[in-house]
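A.B. asks: Sharing a structure, written as structure tokens. Questions coming.
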């Protein structure tokens, strides 16, 4: 049922090209469309967007965590490379 609602919304945006890119019209069009949903459809609509929000949050947290871990690994590798370069320089002398 949710897939039908998403497709219906996408089709409406295609039918009314002036809506795309106009934040105010998109806002009001979305609210008008939501008013047309039954209680069950609205429940599914809300659950869908809640799931999308949770997924975006988890993805963002994962990317941030990955960056922090990657930065720490990079610093550790740079420190190890500096140590090895010092050892090589000492052996050359």
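A.B. asks: Taking the stated definitions as given, is residue 55 modelled with pLDDT of 85 or more, surrounded by 10 or more Cβ atoms within 10 Å (Cβ to Cβ) and out of contact with any helix residue (DSSP H, G or I) (no Cβ under 7 Å at 6 or more places or on another chain)?
C.D. replies: Judged against the criteria, residue 55 is a match.
A.B. asks: Checking the structure you have, find out if any residue of segment 74-93 is outside any helix (DSSP H, G or I) and loosely packed, with under 10 Cβ neighbours inside 10 Å.
C.D. replies: yes
A.B. asks: Of the residues 46, 40, only one is over 15 Å from the mean Cα position of the chain (by Cα), surrounded by fewer than 10 Cβ atoms within 10 Å (Cβ to Cβ) and in a helix (DSSP H, G or I); which?
C.D. replies: Going through 46, 40 in turn, just one is over 15 Å from the mean Cα position of the chain (by Cα), surrounded by fewer than 10 Cβ atoms within 10 Å (Cβ to Cβ) and in a helix (DSSP H, G or I): 40.
The values are calculated or read from the model by the stated rules, or taken from the named source; none is laboratory data. Please read these numbers as outputs of a predicted model, since none were measured by experiment. We place every Cβ from the backbone using ideal geometry, glycine too, and count neighbours over all the protein chains shown.
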